[in-house]
Number of protein chains: 2
Amino acid sequence: MKKEISSGTLSEKLFEQVYDYVLERIRRGEWKADEKLPSVRQLAVELNVHRLTVFKAYQLLKQNQHVYVKDKSGYYVQSSSMLQVARQDDPIVSAYVHKSHLSEIHQVQAAYQFSIALLDPNLLPNLYFSEYVKKVFDLYPKVLGTYSTTQGDLELREALCHYFTKHYRFFLSPSELLITSGSQEAIDLIARVLIKNRDVVLLERPTYSPAIDVFRRQGATTISVEIHPYGYDLEEVERLMQQHKPRLFYLNPTFHNPTGYVVPAKQRKRLVELAEKYHCLLVEDDPCRDIYFEEEPPLPLFSYDTAGYVIYIRSFSKYIAPGLSIATVACRPACMNYLLKAKSLADSGSPLLNQKIFLHYFFSERMQQHLAKLRTALAMRKELMEAELSGTGWEWYSPTGGFNLWIKLPVSTPMDTLLSKSIEQSITFVPGSICDPVRELTTWIRMSYSFLNDQQMREGLKRFIQVTKEIVPHDKCGSA
Amino acid sequence: MKKEISSGTLSEKLFEQVYDYVLERIRRGEWKADEKLPSVRQLAVELNVHRLTVFKAYQLLKQNQHVYVKDKSGYYVQSSSMLQVARQDDPIVSAYVHKSHLSEIHQVQAAYQFSIALLDPNLLPNLYFSEYVKKVFDLYPKVLGTYSTTQGDLELREALCHYFTKHYRFFLSPSELLITSGSQEAIDLIARVLIKNRDVVLLERPTYSPAIDVFRRQGATTISVEIHPYGYDLEEVERLMQQHKPRLFYLNPTFHNPTGYVVPAKQRKRLVELAEKYHCLLVEDDPCRDIYFEEEPPLPLFSYDTAGYVIYIRSFSKYIAPGLSIATVACRPACMNYLLKAKSLADSGSPLLNQKIFLHYFFSERMQQHLAKLRTALAMRKELMEAELSGTGWEWYSPTGGFNLWIKLPVSTPMDTLLSKSIEQSITFVPGSICDPVRELTTWIRMSYSFLNDQQMREGLKRFIQVTKEIVPHDKCGSA
């Protein structure tokens, strides 16, 4: 049936069949990590297809990091390939299983966890929390005995609608909001609903590491969009949308993680126009909009969207209550319809208790007053970190909000050594490569100033700088 | 490349490619609901394959309910096919999206919800709950400010290990337990980790409806195993394992949902032997083991497992705290390794607050005393329901635990009419067909006696019996 296939009667192009064929053999462990694949010529003969077809498949495999090229000598199976190969003694032959690179770093026990972009629990009004919890039990004595609806507590969705409309001019009804267990679940549900094998997804470079993992697990072909202090190169974005017809662009335009950049309002407006023009959904992740040090950031992209091309993810976990895991997704009915079905099979609704506590805590006057204090406290911690690093000659962008510094170390820094030596010193940080869809940016790191107190930060940074001095030749210690 | 494909060089058999081809065209909306598919002969010509190949593909499509056969005249696209077709005005072209049949019924607002297999919140010691919650905040003042690990709170996992070992002779370490947000998330994670397109999954018939939806969404080919008051036909189970090499068997052997049957200890032991022999994992869902009316049920299958072929899902939501959504999965490291990765991308860990509250509530003396009261209360509600139905001549098995009656109505009952008329009367129940992997069992229904109080049950059942009398010819009102 060669004719039919190559002429596209079957729903896949020939090179895509070859792509899947190679992936399948890697997944089955027939071709192991760092093993050399058949040459383009060999495989072309074996499958009775044209060499260019195999070449095209290999290129896509390389782009999606399932194979790598070694000094022109051929293609090899990527050992870090996210295809998990079942061992012989393992009763399981797994479907695609992907690891979360970031969560592996978070599992490291360390005294100085600069890798954690979360609020220091001591900055939260913990003593007041329990009052609100008691209030919740007085108001809803049966809250623990009651399931939430799949979409989430109506009272909470109504309050969020009112809040979003008042602050960001969203035109929204409660039926256009879904409550999720944190933004991680939101990203996962969106990927499951929208992404099929080989769909193209645009990702910022760098970006939020677990998002890379989620979209890759869905089989997406990811294409990077560089993010700069001034935003994106919109002509490039348009070219990519035109050429690759991406299903979606996952972006984090406000106090971007890891860089701290803020995409200006003008670009936001234009992005929404491009999304509509090229039918590319914009998945806007907005976890720390409230953490600004100077003026309020520009309105979310969602505020400019009239045609339903923006899906807005708003998490509150990072700075309000990580222990509650509450986030919300705003999108139009066509998309919500799908998300609800996925959510009902994923966990049939987030726990009602958490939603009720959040409702009474977040919208309380005390919380809103507390946010102001929080901004000051974090701004001071940022300045402290910058002061401690001032002598190093390293480069970073000084963010006006958020939780992180994105730091460029000397080009000669051996990152793996730095990470292991730091962990020995009970220090963790996020290597830039795991925030990079193409896993480069090997001289960059993300250091969070949100989780450690002043003293821990001073001590941890002194140690860290010492570690780098020991492994980086002194004369090169200035940034290249 | 026909030779290569049919000789299996490519990773799929030819009929499977045809299967995927047809699915893809349905998904893309080229073939719409209730539209007639090309005849076997036509498609064979179009794809230049043998008619038997197309026939085989159509048979599998029929088995998986993507197509149906109409009076021998041909194959038609199943409108209830779980492939969602994107509309033209819809910016989304979705990946597989499946609906949860059960959650749709739960969305119906009704005064007499016999469809809900949950505990009546009034049977929970709600007034005591808040004390435990306050205790949690005294013990862990920063609980809301703290993320849980992906695997779940260690203190809780240690307590559960101790509990499982003491009560069920599990040999288990905390590293072999995962805390999930309810059993729905557990089933979803297991399906995502273990099931690839066209993998064979054994399901009880009838079974827990959302499990059918989850495994189908993963693309599983499901095969039914009839469950009887005495358990399964184990020779049939062995034959199926031998012939179809299923990846897993999802089962609910203790106070089975919906029938209430209990699989005897002897069969449990044998099932574990078969699982090991045929490398078929047993996914044991055990949500209401504590709700027994006479003696304690036999030990879980997991107790008999030495080779790591049983994955044990234990939910506590149904009868302890639906508002907390806490469940746990016990399995061996090979499998846990995969589940942890999936969980870290799904929601990076269940909320810590819920885990801590559950820990102090479930293991409290008061809760354990309360369980005894609960068993009595539910046994009485069951007897009440049976008394109300005694005059109808309908058939059911009288369960010794759990939440449901599985009732056989007169064969002449028009189920769709019954459901719509009942909803008009503000009554909901679960039609047997949605608990059936092959969507038959059209004269059976599931009625739960756990959610409504005595008076609601009496009134609701009187109304319901009246509705059936009106639509079922009187002389046939006895069960056929």
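With respect to being over 24 Å from the mean Cα position of the chain (by Cα), assigned to a helix (DSSP H, G or I) and outside the structural domain of residue A:189 (by TED's automatic domain parsing), residue A:413 falls outside the description.
If you go through the stretch B:312-330 and keep only what is without any contact (Cβ under 8 Å) to a residue 12 or more places away in the chain and open to solvent by 10 Å² or more (accessible area, probe 1.4 Å), you end up with nothing. When the stretch B:224-233 is filtered for residues that are without any contact (Cβ under 8 Å) to a residue 60 or more places away in the chain and either surrounded by 16 or more Cβ atoms within 10 Å (Cβ to Cβ) or part of a loop (DSSP other than H, G, I, E, B) (or both), the ones remaining, listed by number, are B:225, B:227, B:230, B:231, B:232, B:233. Restricting attention to the stretch A:331-340 and to residues that are crowded, with 24+ Cβ neighbours inside 10 Å and touching an Asp or Glu at 6+ places or on another chain (Cβ under 9 Å), the residue that is nearest to the other protein chains (Cβ to nearest Cβ) turns out to be A:335. Among the residues of the stretch A:199-220, those identified as open to solvent by less than 10 Å² (accessible area, probe 1.4 Å) and hydroxyl-bearing (Ser, Thr, Tyr) are A:207, A:209. Of the candidates A:355, A:368, the single residue that is in a helix (DSSP H, G or I) and more than 12 Å from chain B (Cβ to nearest Cβ) is A:368.
Looking at (1) buried (at least 19 other Cβ atoms within 10 Å of the Cβ); (2) modelled with pLDDT of 85 or more, which is the one condition that is false for residue B:78? Going through (1) buried (at least 19 other Cβ atoms within 10 Å of the Cβ); (2) modelled with pLDDT of 85 or more one by one, residue B:78 breaks only (2).
Checking each residue in the stretch B:407-437 for being open to solvent by 10 Å² or more (accessible area, probe 1.4 Å) and at pLDDT 95 or above picks out only B:408.
Please go through the stretch B:335-361 and pick out each residue that is more than 24 Å from the chain's Cα centre (by Cα) and among the hydrophobic types (A, V, I, L, M, F, W, C). Correct list: B:352, B:353, B:357, B:359. Residue B:152 meets the conditions (1) within 11 Å of chain A (Cβ to nearest Cβ); (2) not in a helix (DSSP H, G or I); (3) not hydrophobic (A, V, I, L, M, F, W, C) in every case but one. The failed one is (1). For the stretch B:31-66, a tally of residues being in a loop (DSSP other than H, G, I, E, B) and within 14 Å of chain A (Cβ to nearest Cβ) returns 5. Scanning the stretch A:290-311 for residues that are open to solvent by 10 Å² or more (accessible area, probe 1.4 Å), within 13 Å of another protein chain (Cβ to nearest Cβ) and of a type in the set (A, V, I, L, M) yields a count of 1. Candidates are the residues of the stretch B:81-116 that are aromatic (Phe, Trp, Tyr) and at pLDDT 70 or above; the one that is nearest to residue B:424 (Cα to Cα) is B:112.
Does at least one position in the stretch B:387-399 carry a residue that is open to solvent by less than 60 Å² (accessible area, probe 1.4 Å), among the acidic types (Asp, Glu) and at pLDDT 95 or above? Yes, some residue in the stretch B:387-399 is open to solvent by less than 60 Å² (accessible area, probe 1.4 Å), among the acidic types (Asp, Glu) and at pLDDT 95 or above. Each residue in the stretch B:195-215 was checked for being outside any loop (DSSP other than H, G, I, E, B) and more than 16 Å from the chain's Cα centre (by Cα), and 1 of them qualify.
Taken over the stretch A:438-458, the criterion of being open to solvent by 10 Å² or more (accessible area, probe 1.4 Å) and either over 13 Å from residue A:428 (Cα atoms) or not assigned by TED's automatic domain parsing to the domain that holds residue A:112 (or both) is satisfied by A:438, A:439, A:440, A:441, A:442, A:443, A:444, A:453, A:454, A:455, A:458.
Somewhere in the stretch A:115-128, is a residue within 12 Å of chain B (Cβ to nearest Cβ), acidic (Asp, Glu) and more than 28 Å from the chain's Cα centre (by Cα)? No, because not a single residue in the stretch A:115-128 is within 12 Å of chain B (Cβ to nearest Cβ), acidic (Asp, Glu) and more than 28 Å from the chain's Cα centre (by Cα). Set side by side, the residues A:245, A:196 differ, and just one is of a type outside the set (Phe, Trp, Tyr), facing another protein chain (nearest Cβ under 10 Å) and surrounded by fewer than 19 Cβ atoms within 10 Å (Cβ to Cβ), which is A:196. If you go through the stretch B:124-150 and pick out every residue that is open to solvent by less than 30 Å² (accessible area, probe 1.4 Å) and touching a residue at least 40 places away in the same chain (Cβ under 8 Å), you end up with 10.
Taking residues in the stretch B:191-216 that are more than 25 Å from residue A:218 (Cα to Cα) and assigned by TED's automatic domain parsing to the domain that holds residue B:262, and partners anywhere that are among the polar types (S, T, N, Q) and surrounded by 24 or more Cβ atoms within 10 Å (Cβ to Cβ), the pairs with Cβ atoms closer than 7 Å and at least 6 places apart or on different chains are B:204/B:252; B:206/B:259; B:207/B:252; B:208/B:252; B:208/B:257. The one condition from (1) buried (at least 19 other Cβ atoms within 10 Å of the Cβ); (2) within 14 Å of residue A:354 (Cα to Cα); (3) within 14 Å of another protein chain (Cβ to nearest Cβ) that residue A:157 does not meet is (3).
The values are calculated or read from the model by the stated rules, or taken from the named source; none is laboratory data. Note that the coordinates shown come from a computational prediction; the quantities given were computed from them, not determined experimentally. Positions of Cβ are generated from backbone atoms using ideal geometry, with glycine treated the same way; all protein chains shown enter the neighbour counts. The area values use the complete protein model at the heavy-atom level, side chains included, leaving out ligands, DNA and RNA. Shrake-Rupley method; radii C 1.70, N 1.55, O 1.52, S 1.80 Å.
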